[in-house]
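*Asks:* Starting off with a structure, shown below.
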Amino acid sequence: MKKIISIIILVITFISFGILNVKALDYNNQIKFNYRYSREINNSCYWISSSASGFTNSINNAAYDWAHWSNPLVLTPVSSSYATHMDFYGKPSSYWYPYNGVLGETTHYTSSGSYIYPDNGNWFYADIYLNNDSVYNYQGTAAHEMGHALGLAHWNSNPYSIMAQSSTRIVQVVQSIDNQHLNEKY
Ligand SMILES: [Zn+2]
């Protein structure tokens, strides 16, 4: 009698929701993060590093784009990063290696400077990195990253939201529904 031994190879695919995906800006399609700024946003400010100076107009326009809606947000540019809500930095494409095509990245921090995932707790400030090597629409990208800083996640099923990722988004300015989500948080 011949015995046939079958060898079953299990291929287990690990799906990570950890740091790597945050790095790749692959936030879950959850529309809003679970948490928000630990302080109010009615007197908030942002600082632009010299590395991101080329984005100054786009960032200023994006800040106005968010703040001109009916909401509590007051967002003022300042010349020092001290106690700011958002700090902008420019990075080369190589910063995101091996990921290609990253336009921007937002990272949230507590008041002590510790990284905090925005579904795990409130944050005190956010750093926003913009890709210096991209020629994509940067007002739209800046507004999208500001949305992350303010507590909005991705909403790829709605291409008319500024929080849809660039591959699916067909608008470059904040929409009424985005402002509604901001108002639901603050
Ligand atoms: Zn994003």
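*Asks:* What relative contact order, as a whole-number percentage, does segment 37-77 give when Cα pairs under 8 Å and 6 or more residues apart are counted?
*Replies:* After rounding, I find 62 percent.
*Asks:* Then there is this: Counting other beta carbons within 10 Å of each Cβ, put 135, 174, 74 in order, fewest first.
*Replies:* 135, 74, 174
*Asks:* Separation between the residue 115 and residue 183 pseudo-spin-labels, each 7 Å from Cα along Cα→Cβ, expressed in nm?
*Replies:* Distance between label points: 3.6 nm.
*Asks:* Taking neighbour Cβ counts within 10 Å as the exposure measure, how do 102, 173 sort from fewest upward?
*Replies:* 173, 102
*Asks:* Could you tell me which of rounded, prolate or oblate describes segment 28-185, using a ≥ b ≥ c as the square roots of the eigenvalues of the alpha-carbon gyration tensor, with rounded for a/c under 1.5 and, failing that, prolate when a/b is larger than b/c and oblate otherwise? Walk me through the numbers on the way to the answer.
*Replies:* Numbers: a/c = 1.24, a/b = 1.04, b/c = 1.18.
Because its axes are fairly even, with a/c under 1.5, segment 28-185 counts as rounded.
*Asks:* Give the residue list of chymotrypsin sites (Phe, Trp or Tyr not before Pro) in segment 86-149 that are DSSP loop and have at most 16 other beta-carbon atoms within 10 angstrom.
*Replies:* Answer in residue order: 99, 136.
Read-outs: derived from the displayed coordinates by stated rules, not from any lab. Small disclaimer: the values here were computed from a predicted structure and weren't measured. Please note: Cβ atoms are built from the backbone with ideal geometry, for glycine as well, and neighbour counts cover all protein chains shown.
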